[in-house]
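Trainee: First the structure, then my questions, so here it is.
Coordinate-derived values only; no laboratory data. As the structure is a prediction and not an experimental result, all values here were calculated from the model. Using ideal geometry, Cβ is built from the backbone for each residue, glycine included, and neighbour counts are taken over all protein chains shown.
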């Protein structure tokens, strides 16, 4: 591999650790799923109960470490950009290989899934009959495969990056004339994107007031997608104050006061609560009102933050970009 | 209200050293009763106490306390039950020798994330009650048998449990301290707590303030 | 964060002081070494990348039999003809071995009234033009060079030894301070004529040719054209150099890191061996705690806090120590290992370079790994059967 920077090595080594833990958790989960019987008083059941603590600890460890590691991963991509000709930020690195974009998507999805698992576990432990145990381990088995896919893709991505091949930088990637997947949305006129964005928030809010968890969740899915598109197509240009600069990664750099972290943080947390509420409610029938509340709060934060940039720009300069 | 329904406890089941500690024991205890469990060592009385405290699980049968199936509770619930409802005075005291008196006494309260001031209040109250306050900062390993027992009792009572279990409480005590212990039991009874004492010390037999005596022999009630 | 349990964890660690202090010290040492290595390479990398800024876009070298040879000066005229080329400046320079320090000085020649390829040279040319153009052979030296000469009692001049054995006396005309430590500590500027004399370089030849290109996007094309024009040349672009520096550092750091991580895993296997066998006293204590109402989770939490405290303390102490070691004490021993990768350079101070990235890197490969190693032993401890240990 020609890309052996210390940061990449660190990420891969941690991946090895994660895989080991994930596999242990996987096999224990299978065993638990097969033999679990809450009503049983056999010694097998007691040892399963003990093992379920181990699985839970391992999964919690993975989740709470994956969170900061994701940020570190983005950081590392930004650094790797320095050795790849043409790439000026993480966006170039992500697009240097066919895997890059998928690694990102998988990492995000897995963060959501792990988070939901931790919530499930929390509800499970609250009731003396551990009603969701079997369920949560089945859920983990599903997550496991997605997690393995993520690791495999990550390794392939890092091995495939060839420092001798010139890649496009974010300037061209997110240009409307390029033919990448994202660009097909970017050609839409701004008023459509913006009405979709604000519209989906309003719809989501209506479902929130109606306490319809299912519709609220689906609305969150839309909101997440549209929010990201709107960010790339429209709002990011107001952060950079440049109509042609659409890069979603440069927002995370110090030049822009790391505002990207606030954007993404609020959006991901908000939609996590929104989408997660449905899963939790569906699987456990627990009350998820607090989830809805947090979701709306964070999603609103995001909306206000990105809108502020555009509005302040307009107020200062009298024109839209 | 403690209900013990057809409890059996077999150690090392299906192995060469299999031992039947309890066999088909059934017992009903009303709130506020003082029960003396009589029997020689090996008769199963200690095992019965541990089952009531949900420290171990029965091989067969159930223990139901205040309508909760304590014998079937998973760990985090049985721990909470022990913490809040049971005060167990062990035969060997089971204090942590490297900790001081004060530290030992507050250990049941630590996981609950209670305000340190409240913990201090409760600790001091119970240490005063059993006259061990003056040795608050002494390591338990440096105390006499009687002092250690007072610490063990303090710890058992710090959470004001409804049920007190004592396993051979007077085994290491002289006559004077035994008297003290009896007085303590009497006071607990007056406070309306349910008390079960497993003992073969005759001083407990025919006590006027005890409600019942239950005799165990070879794992069964006689 | 349960603060009561956290305090209990601290207390618990102190009670078994000897064992825990031992582990903490070893761990601190490991992180210290790792951190020092990264701080040194980080600082060196910064320095070198700093010097890169001032480099010209393209350097043309003549390579024969795999070795660099002097290049014909007139080639620069031809290169100038290539469209897109702004300037082609022949450079005369070389390394002079200064025996008292056992290091090399870079001697850079400039033509006083021509374009310079580097800003600092233009500045020197302007500032010291009288000295450089005087009849007495003079040189302008970096502040680090001045110190080096001074320590060998050369205060006003230096005697260069020419290839033919004769010596050439050159007066110190002035001292400059460059933007990077490296340049200040090893650079000497004098007229090209003088450099030619010292190195016995014919005036038809130069060491290499520097090419300035207006539009950076055209660099690859122009590099290709130069190569076609003169097949015996190697065209080195600034990007190439930057990437190769980066790769050297990353390669070395990477290898070190790989071995280090192996060392850490071995360390933890040993720890695990020791730790997984809890002493009977510890087992009893856990049994007692569970008997009086501690949940498995509570025990796990305490163990986690213990691991966090040990690894966190080790991390912070190690980082503090290594900052002191690298930047206050100038990293004796370790610095030499990393400096000796190319031409010997005289001593210089490592500039203070500390960023989140280095700290994050060191953190992620130490603290979480330590905590990971404690998970299974902690779980074993927490799931002990209470009534078995308290019988």
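Trainee: Please report the relative contact order for region C:114-211, taking Cα pairs under 8 Å with a sequence separation of at least 6, and give it as a percent rounded to a whole number.
Mentor: 31 percent
Trainee: Another question, then. Kindly rank B:45-56, C:141-152 from highest to lowest mean number of other beta carbons found within 10 Å of each residue.
Mentor: On the way: B:45-56: 24.2, C:141-152: 19.3.
Descending packing order for the listed peptides: B:45-56, C:141-152.
Trainee: Moving on. Which order do C:294, A:320 fall in if you start with the one that has the fewest other Cβ atoms within 10 Å? Don't skip to the end; give the middle numbers.
Mentor: On the way: C:294 27, A:320 12.
Lowest to highest Cβ neighbour count: A:320, C:294.
Trainee: Rounded to the nearest Å, what's the spacing between the alpha carbon centres of region C:210-232 and region C:83-130? Just the number, please.
Mentor: 22 Å
Trainee: Something else: Across the residues of B:92-103, average count of Cβ atoms on other protein chains within 10 Å? Write out the running numbers ahead of the final one.
Mentor: On the way: counts 2, 2, 11, 1, 8, 3, 6, 5, 0, 0, 0, 2.
Per residue, the average neighbour count from other chains is 3.
Trainee: Return, for the Cα atoms of region B:2-221, the radius of gyration and Dmax in Å, separated by a comma.
Mentor: 17.3, 53
Trainee: For region A:6-160, would you read off the P(r) tail past 18 Å as a percentage of all alpha carbon pairs?
Mentor: 60 percent
Trainee: What is the mean number of Cβ atoms from other protein chains located within 10 Å of the Cβ atom of each residue in peptide A:45-53, rounded to a whole number? Please report the intermediate quantities before stating the final value.
Mentor: Values: counts 3, 5, 1, 0, 4, 8, 2, 1, 11.
The shielding value for this peptide is 4.
Trainee: Taking beta carbons within 10 Å but only from partner chains, what does the mean come to for residues A:134-141?
Mentor: Taking all residues of A:134-141 together, the mean is 0.
Trainee: In addition: Give me the distance between the Cα centres of region B:152-188 and region A:280-319, rounded to whole Å.
Mentor: Measuring centre to centre over Cα atoms gives 59 Å.
Trainee: Follow-up question, since we're still on this one. Label-point separation (nm) for residue A:215 and residue A:39, each offset 7 Å from Cα along Cα-to-Cβ?
Mentor: About 4.0 nm, to one decimal.
Trainee: Could you tell me the largest-minus-smallest coordinate of the C-alpha atoms of chain A on each of the three principal axes, in descending order and whole angstroms?
Mentor: For chain A, the Cα spread along each principal axis is 73, 54, 30 Å.
Trainee: Report the convex hull volume per residue for chain C, counting only C-alpha atoms, in Å³.
Mentor: Details: hull volume 72.2 nm³, N = 391.
That works out to 185 Å³ per residue.
Trainee: Using 7 Å Cα-to-Cβ label points, what is the residue C:245/residue C:328 separation (nm, one decimal)?
Mentor: It is 2.9 nm.
Trainee: So for the pair residue C:20, residue A:225, with labels modelled 7 Å out along Cα→Cβ, what separation do we get in nm?
Mentor: In this crude label model, residue C:20 to residue A:225 measures out at 5.3 nm.
Trainee: By how many degrees, between 0 and 90 and to the nearest 10, does the Cα long axis of helix B:175-190 differ from the longest principal axis of chain B?
Mentor: So the helix axis and the longest Cα principal axis differ by about 80 degrees.
Trainee: While we're here: Give me the base-10 log of I(q)/I(0) for the protein assembly as shown at each q in 0.09 Å⁻¹, Debye formula, one uniform scatterer per Cα, rounded to two decimals.
Mentor: Reported log10 I(q)/I(0), two decimals: -1.06.
Trainee: Can I ask one more? Report, to two decimal places, the Cα Rg of region B:130-222 normalised by 2.2 N^0.38 Å (N = number of residues). The partial results should precede the final answer.
Mentor: Values: Rg = 14.3 Å, N = 93, 2.2 N^0.38 = 12.3 Å.
Normalised Rg, Cα atoms only: 1.16.
Trainee: Then there is this: Which percent, nearest 5, of DSSP beta bridges in chain C are antiparallel?
Mentor: Numbers: 33 of 43 bridges.
In chain C, DSSP labels about 75 percent of beta bridges as antiparallel.
Trainee: Over all distinct alpha-carbon pairs, what is the Kirkwood Rh of region C:41-149 in angstrom?
Mentor: On the way: mean 1/r = 0.0603 Å⁻¹.
One over the average 1/r among Cα pairs gives 16.6 Å for region C:41-149.
Trainee: Hey, what's the Cα Rg ratio for region A:170-317 versus the globular rule of thumb, 2.2 N^0.38 Å? Spell out each step's value before the answer.
Mentor: Details: Rg = 16.1 Å, N = 148, 2.2 N^0.38 = 14.7 Å.
The reported ratio for this selection is 1.09.
Trainee: What Kirkwood hydrodynamic radius, in Å, does region C:71-206 give when the mean of 1/r is taken over all pairs of distinct Cα atoms and then inverted? Could the numbers behind the result be given before it?
Mentor: Working: mean 1/r = 0.0644 Å⁻¹.
Roughly 15.5 Å, rounded to one decimal.
Trainee: Two-decimal Rg/Rh of region A:1-44 from alpha-carbon positions, Kirkwood Rh? Mind showing how you got there, number by number?
Mentor: Working: Rg = 18.1 Å, Rh = 13.2 Å.
That ratio equals 1.37.
Trainee: A further question follows. Please give the helix C:238-276 orientation as an angle from the longest Cα principal axis of chain C, in degrees from 0 to 90, rounded to the nearest 10.
Mentor: 20 degrees
Trainee: Further question on the same structure: Between the helical axis of A:100-126 and the dominant principal axis of chain A, each derived from Cα atoms, what acute angle in degrees is found, rounded to the nearest 10?
Mentor: Roughly 40 degrees between the two axes.
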